[in-house]
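Here's the structure we're looking at; comments come further down.
The values are calculated or read from the model by the stated rules, or taken from the named source; none is laboratory data. Values in this document were obtained by computation on a predicted structure and should not be read as measured data. Note that each Cβ is placed from the backbone with ideal geometry, even for glycine, and that neighbours are counted across all protein chains shown. Note: accessible area is taken over every heavy atom of the protein model, side chains too, but ligands, DNA and RNA are not part of it. Shrake-Rupley method; radii C 1.70, N 1.55, O 1.52, S 1.80 Å.
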Amino acid sequence: MRCPPLATPVIRFLLATLYGLLLLPLSASAMVTVGDGENGTQKTGLQQVLHDPQANLSVAAADRERKAGRFFTLQSAGSTRLQPGAYWSFFQLHNAQSHAITIHLEYVDHQLIHLDAYAREHPTRPEGGSDPAFEPLVQLSMERPFSHRPVEHHRFVVPVELQPAQTLDLMIRFGSNETGYTYPSMRIWSPEQLQLSYLRETMLMSFLFGSFFLISVFALIAGLVTGQKIAFLYSAYALSKIFCWATILGYTHQFILRDNFHWSLMSTGGAITILLGLIFARSFLQTGRHTPHLDRVIQLMIINAALLLLAAIFQIKPLALITITLALLLYPVVVVAALRRWQQGVPEAGVFSLAWGILVMGLIFQALRDLGVVEHTLTNYYWPPVGSFIEMLTIMFAMGLQIRRLRQRKEAAEHRYLQHLENSRDLLEQEVKARTRELEQAKFKAEQEARTDPLTGILNRRSFVHDATLRLKLADRKQQTSSLLLFDLDYFKSINDRFGHSVGDEVLCRFAETVSLVVRETDVFGRLGGEEFVLLVSETAESAKALAKRLQEDISTIHLSSLDQPLELTASIGLVRCDGSTDINDLMHRADQAMYEAKAQGRNLVVEVN
């Protein structure tokens, strides 16, 4: 049995209960009067119809069945519905004109494999005579080269010539290879009107095919520029529409595969479009991430579409019928998934649901037509491809919304990123400033620790030597007099032994504080180590000696609050005059000798050396 492309058998069965309510009134007569200028509004064939389930009746046998009263009026709006075998239709054409005319009988649909037309002069025999035999007019088949058709048209057309006032009996056999949908009806045209109608149809389909092609090209370019997979899928989906509808409607047979066309290509084209459409919809809606339950159904639909494609390619007709039924029955699931994504806050999904809904409506229209619920007209015949075109335009709008949303999200992300960078930069600057301050403080502290004595806070030996050398050089340039005083605390070891090192450290600190009170900016004061201190002053030997005497008195007054008993603290002082000498080490050595001389003379003395 043949699998009609894009048919919806299950929907047909569900809607079968509507037949009795929507049947069109039919004329009881099979006679059709024709004339010049027939424009396709008149149809024939529905009044006397015979079902040939085995598809084995000859035209003579069919005529005998008619005479036996087995022909019937088709009880639908035009379709026989899904039936096996073939159908026969009997009708009469009467030329009421006074001149000969040519009539073109056009089969109304594309879902037909064979059409055989027979004609005879309407018998005017006396009662009891035999009728003349039907003579073949044309034998049309989709499986034969297109060139065998007497009229160049993508649907079957039977040319009939009628003489003035002539009446012809016509017998038409409609065959669909085992099982199929048949419309045992022929539109009546004059050759000129049929050609005009054909031109309009061709222009319409050319526009649709050209639009599909441009959509495909634009999507392909967008994919190449952006690298987005969805654009490539949309391009392939749009391109498949051309192959699908051109093949289903007969244009592929007429213009491309004129000699090697097979009806299974129609199912193949439909299967490819369904498969690509589902893959595109799943990618566009991102159902795998956001609607996992519905995504499982869509994945099942994709697998089913792949099986449909295999069935069409290898002509496995039972599998093709099952898979096409399941595919189109589940088509509305995509609309449900799109609406769900719309509820999740994706605006383009709402537009996509509208697009897919338009496509589903086109298929429902075809189903109603195949069920015989509505009459077969050129309008609803072209509604599926036109609806498919509207679907593609709507999807393009939805993709535009998606790109706009993604761009806005990207801009927002970039703004957040830049704001983050700005905040990070500010934090980094603050951190750098804080670190710089810490480093400066640490550097200053390290320098101070490197220059000063950690206990007393005054210059250590190395720093004193450095600063005193510079001060001596400056004094030499300015011809100033300087003196060096070297202090040694008397009996300091006994203080440590009696009171402990903590008291000894406190004594050293109080001593350094006492001397520092008289130190000026031009003086240099430092600790050489232990209980030895040194002071470089910009004074003459006499003034320096007076300073030393005063300091001895101040030292003797040092009192420690941590001790309950008085502390007798004295210092031996060595004094040396700097007569132009800038060698601080030499001066310190001489002052050290003077200091030891003071200790030798009884301590708590100031000894001056030259």
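Descriptive notes on the structure:
- Protection proxy ranking, highest mean first, for peptides 106-116, 521-531: 106-116, 521-531, where packing is the per-residue count of other beta-carbon atoms within 10 Å, averaged.
- Cα convex hull, the range 35-133: 136 Å³ per residue, rounded to a whole number.
- Maximal additional length on extending the Arg435-Leu517 stretch stands at 25.9 nm, based on 0.36 nm per residue less the C-alpha distance.
- Sequence ranges 507-517, 184-194, 554-564, ranked by mean other-Cβ count within 10 angstrom, highest first: 184-194, 507-517, 554-564
- For the range 477-610, Kirkwood radius (reciprocal of mean inverse C-alpha pair distance, Å): 15.1
- Charge dipole (Cα centre; +1 on Lys/Arg Cβ, -1 on Asp/Glu Cβ; no other charges) of the range 43-117 amounts to roughly 240 debye.
- Size-normalised alpha-carbon gyration radius of the range 47-198, reference 2.2 N^0.38 Å: 1.04
- With all protein chains kept in place, the per residue accessible area of the chain amounts to 48 square angstrom at a probe of 1.4 angstrom.
- Shown in residue order for the range 74-91 are the 3J(HN,Hα) couplings computed by the Karplus curve 6.51 cos²θ - 1.76 cosθ + 1.60 at θ = phi - 60°: 5, 8, 7, 7, x, 9, 7, 6, 6, 9, x, x, 10, 10, 10, 10, 10, 7 Hz (x for Gly and Pro).
- For the chain, with +1 on Lys and Arg beta carbons and -1 on Asp and Glu, the positive-most of Leu112, Leu536, Gly400 along the dipole: Leu112
- Dividing the convex hull volume of the alpha carbon atoms of the range 321-426 by its residue count gives 106 Å³ per residue.
- Here the chain carries DSSP beta bridges of which approximately 90% are antiparallel, counting only pairs with both residues inside.
- Diffusion coefficient of the range 180-307 by Stokes-Einstein, Kirkwood radius over Cα pairs, 20 °C, 1.002 mPa s: 126 µm²/s.
- Cα-based equivalent ellipsoid, the range 106-157: semi-axes from gyration tensor eigenvalues, Å: 31, 10, 9
- Across the range 254-357, C-alpha contacts under 8 Å between residues 6 or more apart give a mean separation that, scaled by the residue count, equals a relative contact order of 26 percent.
- Just the protein heavy atoms count here, and of the accessible area of the chain at 1.4 Å, carbon and sulfur take up 57 percent.
- From its DSSP helices (H runs of at least four residues, each -39,500 (n - 2.57)), the chain gives a residue-normalised ellipticity at 222 nm of -18000 deg cm²/dmol.
- Compared with the direct C-alpha span, the chain from His466 to Ile303 gains 49.5 nm at full extension, assuming 0.36 nm per residue.
- Legend: translational diffusion of the range 203-274 by Stokes-Einstein, Rh = Kirkwood radius over C-alpha pairs, 25 °C, 0.890 mPa s; D = 191 µm²/s.
- Distance between the modelled labels on Tyr596 and Phe255, one decimal in nanometres: 12.3 nm (7 Å Cα→Cβ projection).
- Debye-sum result for the chain in log10 I(q)/I(0), which assumes one identical scatterer on each alpha carbon, at q = 0.08, 0.09 Å⁻¹: -0.71, -0.81
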